[in-house]
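Report on the following structure.
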Amino acid sequence: MKTLILAGTLALFSHATNANDIVQIDQAANAMDISQLQSLSHQNQDYTQAYANYRLAISANILGQPKLASTALNNAQSTLEALNNASANAENLALLASIYGMQIGLIPAKASVYGAKVSATLSQAQTLEPNNPRVLLIEAISAFNTPAAYGGNMLNTIQLTSKAIDLFAEPCDNICWGHAEAYTWRGLAKQSSGDSQGAIDDWQAALSVQADYGWAHFLLNKNSEVSQ
């Protein structure tokens, strides 16, 4: 009995620690703190390590450090591919699909290789957990970035992010990132569809979810400058 109680306690501790680490990674990413993201990528392992490298890749790319971005992205990809080879789950697959998409963004010549991987990985994730909000979010991002000739469209992005936002409102205590991001991508899709006010409303909603979400702040400031 004591063994069962100890095992349960350790499981709960691991569960909480993982959530804590992801919050720290998000905070460092919002500040684009490269050093902190590198440190977090070394301190963690498995999914959390891959997530730290994923956010490191995004920050490094924004800050004009393509070599670091590529290295971090490749490290995240290797970690998640190994995890999925051992035992695939929707969270690993969703993050991996996003990483494949980023590989295309960094090097467009890789589209022929990674485009099919994005589709296959998302399809597997959807089969495992069709109502996982991060799976829907990555599917929405893929729809946004896919040329119309290949099936991408803004309406699909808006519908997918709307469904993800509804699911993000449900209680979460472990892997919980993406809520503010979903509002931000929906705002971008609305902006691309000509709904400027709808975009602004969504970016403000993103900040109501996560007050320090840097991307939403940037988009609101940028559009405020344009309107002046």
- Message: Could you tell me which residue out of Val113, Leu136, Tyr100 lies farthest along the dipole of the range 88-215 toward its positive end? Charges go on the beta carbon: Lys and Arg +1, Asp and Glu -1, centred on the Cα centre.
- Response: Val113
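Would you mind working out the magnitude of the charge dipole of the chain relative to its Cα centre, with +1 at each Lys and Arg C-beta and -1 at each Asp and Glu C-beta, to the nearest 20 Debye? Please list the in-between numbers first.
Numbers: 10 positive and 17 negative charges, 101 e Å.
In total the dipole reaches around 480 debye.
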- Pop out the ³J(HN,Hα) list for the range 123-128 in order, Karplus 6.51 cos²θ - 1.76 cosθ + 1.60 with θ = phi - 60°, rounded to Hz; leave Gly and Pro as x. 4, 5, 5, 5, 5, 6
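Report, to the nearest whole %, how much of the accessible area of the chain belongs to carbon and sulfur atoms, 1.4 Å probe, protein only.
Values: 6380 of 11640 Å².
Accessible surface attributable to carbon and sulfur in the chain totals 55 percent.
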- Message: I'd like the Karplus ³J(HN,Hα) series for the range 30-38: coefficients 6.51, -1.76, 1.60, θ = phi - 60°, whole numbers in Hz, and an x wherever there's a Gly or Pro.
- Response: 4, 8, 6, 8, 4, 4, 5, 5, 5
- Task: Compute the accessible area per residue over the range 72-228, keeping the other protein chains in place, probe 1.4 Å, unit Å².
- Result: 48
- Query: Roughly speaking, what is the centre-to-centre gap between the range 133-174 and the range 23-91 when only Cα atoms are used, to the nearest Å?
  - Reply: 21
- For the range 38-112, the Debye formula with one identical point scatterer on each Cα and no solvent gives log10 I(q)/I(0) at q = 0.15, 0.26 Å⁻¹ as -0.45, -1.19
- Note on the structure: A correct Karplus calculation of ³J(HN,Hα) over the range 44-50, with 6.51 cos²θ - 1.76 cosθ + 1.60, θ = phi - 60°, whole Hz and x for Gly and Pro, returns 9, 9, 6, 4, 5, 5, 4
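The values are calculated or read from the model by the stated rules, or taken from the named source; none is laboratory data. This one's a predicted model, so the numbers in the text were calculated from it and none came from an experiment. In this analysis, Cβ positions are derived from the backbone assuming ideal geometry, glycine residues included, and neighbour counts consider all displayed protein chains. Heavy atoms of the whole protein, side chains included, go into the accessibility calculation; ligands, DNA and RNA do not. Shrake-Rupley method; radii C 1.70, N 1.55, O 1.52, S 1.80 Å.
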